[in-house]
Amino acid sequence: MKADPAGVLTGVHYLDGDFACGEGAMAAGCRFVAGYPITPSTEVVERISRRFPMMGGTFIQMEDELASMAAVVGAAWTGTKSMTVTSGPGFSLMMENIGLGAMMETPCVVVNVQRGGPSTGLPTMAGQADMMQARWGSHGDYEPIALSPRSPQEAFDFTIDAFNLAEQYRVPVFVMMDECVGHMTEKVVIPPAEEIEIVPRKLTEKPPGEYLPYQNNGNKVPEFARAGDGYRFHTTGLTHDERGYPEMSEECQEKNVSRLLEKIRGSADKITRFVENETDGADVVVLSYGITARVARMGIDLARKKGVKVGEIRLEVVWPFPEKRIRELSKKVKAFVVPEINYGQMVLEVERCAAGRAGAILVPHAGGGVHDPESISSAILGAVK
Amino acid sequence: MSRTEIRVTGYGGQGVVLCAYIIGRANAVNAGNHSTMIQSFGPEARGSACSATLALSDEEILYPYIRRPDIFVAMSAEGYDKHRDELKPKGTLVYEKDLVPARLKKGQRSFGIPSTRIAEGLGRSLVQNIVMLGFFAAVSGLIPRDEVRKAVEDSVPTGTEELNLKAFDAGWSYFEEHYGAGAEGDAVAAATVVSPVA
Amino acid sequence: MSTTTQSLHTNVDASEHPIAPFLRMDRMPHIWCPTCGIGTIVKCFASALEQTKVDLDKTSIVSGIGCTGRVAGYMKLDAFHTTHGRAIPFATGLKLGRPELLVTVFSGDGDLSGIGGNHLIHAARRNIDILCILVNNFIYGMTGGQNAPTTPVSARSSTMPYGNFEHPFNLVHLAASCGAPYVARWTCLHIRRLTKTFAEALTRKGFRFIEVIAPCSTLYARLNKLGSGLDLMRFYHDNAEIKHGADTREAEIGFQDRILCGKFVDIEKPTFTELMHEHYTKTLGDRFVPMKPEGGWIHE
Ligand SMILES: Cc1ncc(C[n+]2csc(CCOP(=O)(O)OP(=O)(O)O)c2C)c(N)n1
Ligand code: SF4
Ligand SMILES: [Mg+2]
């Protein structure tokens, strides 16, 4: 369906990534946001709290991020699209109820405007060191979906995508932004509402007596009933059967967990999204995401000027990781070069998929800024030596 | 337009960020180019000095930060002191004449304006940043005047458009009156020439 | 008390039991120990639902983790068994996401006042429109009898084997001083009064806080050599002192000491949502669009 015009600020704007993310959420139909202030993410909720009262949305500043995430999962069960926004320290606190969201299969969105870590780290400076936390942060097995925008325009676009993916797969979806994109102001084009495609919450059509909250419906994504519609369903963070009743058994655990994983893994080809350039005949492929993709392009251009055949993969969806494509490419290229603002996270995925067939060369950056393009080009040159 | 890097500094409350925002908006939204604006955050933004940077280009901007500005707009002495050595050897300095004790360098063009006094003359010292913006726009000639004026209209609080446009025009006129088209900027007196720091 | 808990134990014909329609009979038998107090409180709550005739389709129940945390799982309502300590913020999201819902939080003392204590005081401060039922058995039951923020001084717990030396919370005083407009305490012996209080609270608005003292027969009673659950009920009978409107400062609970019961606070006070509506109507006028009672959800 098309977006609700009430939430769409159609026009050509000059916005920072945080504001653009907030606009994306409102355009996507988000009408409940719970959050706790943290730099560099706060502008997202500041924007939303200003505009929500005019479109039937409710923002609440909770007492902490544990509460924010719990409230978002609760609100999502009413059918109201819900989101929270944070940065590293808050992301850590949210892990508890991100797990609950994954277990209860709750569609919702979590934005992490990454800053340097660990701990309080660099509150006002960029980082990309929460990528593995997004993948593995809450305990137990589950498969998240995450996107990483590299500009305010993408912060807008990808936040809408995040809501749509959350609806399709009933999972918490992460928007893994970073301080640089969050605090960078650029042109953002917001299309008219009728040009924005929205996936609405799809409710079960079964009557209350026949409805089972966790029944596998072929595509592994169960049908949704919202609180207050007479279904009187039960849901729990405990391992549960199709009725949503706790069942402590190996069999039930196997059924439950494998479905949670398979609903994403089985659709990974549909969910993964990346931009690929000039990988045909390339000796080196640079894989990057988020803000780093911009400087990576500069590094690629520098290396190409020196005659190296360099291809580019820019991840838009970072989780699930495009394993298949990296495996294929690893049979053809000498090495992957992976610049990221951390000391080696997504490069581990590349290494795993390349499985020794091609090198996986990290270009690290501890955080606080972006790479020098020269550091990337020299890694490319080093890879073909 | 090839890539042009700009830094705007001043003290908190002078409207440094709005000034930079309007430049960026005029170039990207109205003139159809690209511009990336970044305001400084963190401890430095809490003190009295405040700063924002811009990269303008007719191509997609990949590197978001600036390295050495082509144009340095200084509205306060502290901001000037902090960043003056970054300005490119052939860069342009635009400064608040009454507040910034500019030490002009050979090879760099410099343009001063008493923007605070002019704003006071308009009845609101608050529009000093827009006077400075008009002056900057005239000095740099980077973005057509009408596009910047439109960005001013779209960016200032409703009800203050007229005053702000007046401020913008006052800054622009000051340039025309005191420097004229194609001006070389302030003469660099021998006494103020700063030799490269050893 | 055993009669009431016993009734939940067996698979009975729904028609025989007036509260059976409120329970998930397909989940019986429940997990609670014989003579545990929780079942009695559930029965009182179910009776209150019956008496008040609230729209059960629009009634949600949220629990955290613990023995009491299992309550949501046995109620035939939209039921959410969430994470340890987070029932209140989860319920806050439910209520704000679909304002027409009647939302009840039902959880333990450790859950709501220990790990979830911060949420408790803030929900009371904001006057979030939820009914909060806290079962205080003075201990962490589910995990085997560890010390709770409510354990009376000198009472034994598995992690205070020589007796507790920490100051416990006076929960009704805590809730009242954080601004809860409705605050009451009963023991699970007070079946009639407790049911009446539940019924009254169901029809009130704002953050309604009801503490129910209940025996953990298996752990608290055993660790402290207090006999059976039945002995504890006898103790409540002899030591509960009903004093409506009492100053909550007097409501501290010492080890095997008098238990002050009654309705301590019952005032009118605008809720979070009412304040928000009033404020935005005042500041934004016609531009304010409140969330619809059925929620801010967008559908085809
Ligand atoms: C984050 C987390 N920490 C610890 C636990 C273990 N745990 C489960 S229930 C519980 C205590 C519950 O005590 P209370 O709320 O008083 O409930 P009762 O069992 O006494 O009814 C604890 C510590 C958990 N489930 N989650
Ligand atoms: S352990 Fe205690 S609280 Fe838990 S069910 Fe048994 S008696 Fe009740
Ligand atoms: Mg307890």
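The values are calculated or read from the model by the stated rules, or taken from the named source; none is laboratory data. What you see is a predicted model; the values in this text were computed from it and never measured. Glycine also receives a Cβ, built like all others from the backbone with ideal geometry; neighbour counts cover every protein chain displayed. Note: areas computed on protein heavy atoms with side chains; ligands, DNA, RNA excluded. Shrake-Rupley method; radii C 1.70, N 1.55, O 1.52, S 1.80 Å.
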Has region C:94-105 got at least one residue that is over 12 Å from the mean Cα position of the chain (by Cα), among the small types (Gly, Ala, Ser) and within 12 Å of ligand 3 (Cβ to nearest atom)? no
Which condition breaks for residue A:357 when tested against (1) open to solvent by 40 Å² or more (accessible area, probe 1.4 Å); (2) under 28 Å from residue A:184 (Cβ atoms)? (2)
Which ranges mark the strands (runs of 3 or more DSSP E) fully within region A:122-227 that have 3 or more residues being over 21 Å from residue A:69 (Cβ atoms) and either touching a Phe, Trp or Tyr at 6+ places or on another chain (Cβ under 9 Å) or without any contact (Cβ under 8 Å) to a residue 60 or more places away in the chain (or both)? A:184-190
Find the residue count for region A:23-46, including only residues that are in a helix (DSSP H, G or I), away from chain C (no Cβ under 12 Å) and free of Cβ contacts under 8 Å to residues at least 60 places away in the same chain. 3
Collect the residues in region C:279-298 that are under 15 Å from residue A:55 (Cβ atoms) and part of a loop (DSSP other than H, G, I, E, B), keeping them in residue-number order. C:288, C:289, C:290, C:291, C:292, C:295, C:296, C:297, C:298
Selection from region A:88-106 of residues that are more than 11 Å from chain C (Cβ to nearest Cβ) and touching a residue at least 60 places away in the same chain (Cβ under 8 Å): A:102, A:105
Residues being under 26 Å from the mean Cα position of the chain (by Cα) and in contact (Cβ under 8 Å) with a residue 24 or more places away in the chain - total across region A:239-255: 0
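Report yes if residue A:270 is assigned to a helix (DSSP H, G or I) and within 19 Å of residue A:76 (Cβ to Cβ), otherwise no. Before you say what the answer is, go through the steps one by one.
Values: assigned to a helix (DSSP H, G or I): yes; within 19 Å of residue A:76 (Cβ to Cβ): no.
Taking the combined requirement at face value, the residue does not satisfy it.
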Tell me which of these residue C:151 doesn't satisfy, since it passes every other one: (1) facing chain A (nearest Cβ under 8 Å); (2) touching a Pro at 6+ places or on another chain (Cβ under 8 Å); (3) more than 18 Å from residue A:82 (Cβ to Cβ). (1)
Matching residues in region C:165-210 - criterion: being within 25 Å of residue C:142 (Cβ to Cβ) and free of Cβ contacts under 8 Å to residues at least 24 places away in the same chain: C:165, C:166, C:167
Can you confirm whether residue C:36 is more than 24 Å from residue A:244 (Cα to Cα), within 13 Å of ligand 3 (Cβ to nearest atom), open to solvent by 10 Å² or more (accessible area, probe 1.4 Å) and touching a residue at least 60 places away in the same chain (Cβ under 8 Å)? yes
Need a quick list: strands (runs of 3 or more DSSP E) entirely within region C:73-137 having at least 3 residues that are within 16 Å of ligand 1 (Cβ to nearest atom) and more than 7 Å from every other protein chain (Cβ to nearest Cβ). C:102-108, C:131-136
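Scan region C:154-175 for residues that are within 13 Å of ligand 3 (Cβ to nearest atom) and either within 14 Å of another protein chain (Cβ to nearest Cβ) or crowded, with 19+ Cβ neighbours inside 10 Å (or both) and jot them down.
Taking region C:154-175 and keeping what is within 13 Å of ligand 3 (Cβ to nearest atom), we get C:155, C:157-158, C:168-169, C:171.
Matches in region C:154-175: C:155, C:157, C:168, C:169, C:171.
In region C:55-64, how many residues are more than 8 Å from every other protein chain (Cβ to nearest Cβ) and closer than 26 Å to residue C:214 by Cα? Outline the logic, then answer.
Let us first name the residues in region C:55-64 that are more than 8 Å from every other protein chain (Cβ to nearest Cβ), namely C:55, C:59, C:61, C:63-64.
Filter again for closer than 26 Å to residue C:214 by Cα, leaving C:59, C:61, C:63-64.
Number of matching residues: 4.
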Number of the condition not met by residue B:38 [criteria: (1) part of a loop (DSSP other than H, G, I, E, B); (2) of a type outside the set (Ser, Thr, Tyr); (3) at the interface with another protein chain (Cβ under 9 Å from one of its Cβ atoms)]: (1)
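In this structure, does residue A:230 turn out to be within 11 Å of another protein chain (Cβ to nearest Cβ), touching a helix residue (DSSP H, G or I) at 6+ places or on another chain (Cβ under 6 Å) and farther than 23 Å from residue A:164 by Cβ?
Numbers: within 11 Å of another protein chain (Cβ to nearest Cβ): yes; touching a helix residue (DSSP H, G or I) at 6+ places or on another chain (Cβ under 6 Å): yes; farther than 23 Å from residue A:164 by Cβ: yes.
So residue A:230 fits the description; yes.
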For residue A:200, indicate whether it is within 19 Å of residue A:31 (Cβ to Cβ), within 10 Å of chain C (Cβ to nearest Cβ) and not acidic (Asp, Glu). yes
Subset of region B:133-148, residues buried (at least 22 other Cβ atoms within 10 Å of the Cβ) and either charged (D, E, K, R) or under 14 Å from residue B:174 (Cα atoms) (or both), comes to B:133, B:134, B:135, B:136, B:137, B:138, B:139
From the residues in region C:110-141 that are under 18 Å from residue C:90 (Cβ atoms) and within 11 Å of ligand 2 (Cβ to nearest atom), which one is surrounded by the most Cβ atoms within 10 Å (Cβ to Cβ)? C:110
Got a number for residues in region B:49-86 being free of Cβ contacts under 8 Å to residues at least 40 places away in the same chain and away from chain A (no Cβ under 14 Å)? 3
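Quick one: would you say residue A:374 is surrounded by fewer than 17 Cβ atoms within 10 Å (Cβ to Cβ) and within 14 Å of chain B (Cβ to nearest Cβ)?
yes
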Select from region A:106-121 the residues that are buried (at least 21 other Cβ atoms within 10 Å of the Cβ) and not small (Gly, Ala, Ser) and list them in ascending order. A:106, A:107, A:108, A:109, A:110, A:111, A:112, A:113, A:114, A:115
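Kindly indicate whether any position in region A:122-129 is open to solvent by less than 20 Å² (accessible area, probe 1.4 Å) and either closer than 21 Å to residue A:322 by Cα or in contact with a Pro (Cβ under 7 Å, 6 or more places away or on another chain) (or both). If you could, list the steps in order and put the result at the bottom.
Keep residues of region A:122-129 that are open to solvent by less than 20 Å² (accessible area, probe 1.4 Å), which gives A:126-128.
Filter again for either closer than 21 Å to residue A:322 by Cα or in contact with a Pro (Cβ under 7 Å, 6 or more places away or on another chain) (or both), leaving A:128.
Yes, because at least one residue in region A:122-129 is open to solvent by less than 20 Å² (accessible area, probe 1.4 Å) and either closer than 21 Å to residue A:322 by Cα or in contact with a Pro (Cβ under 7 Å, 6 or more places away or on another chain) (or both).
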Among (1) within 11 Å of chain A (Cβ to nearest Cβ); (2) modelled with pLDDT of 95 or more; (3) in a helix (DSSP H, G or I), residue C:49 falls short only on (1)
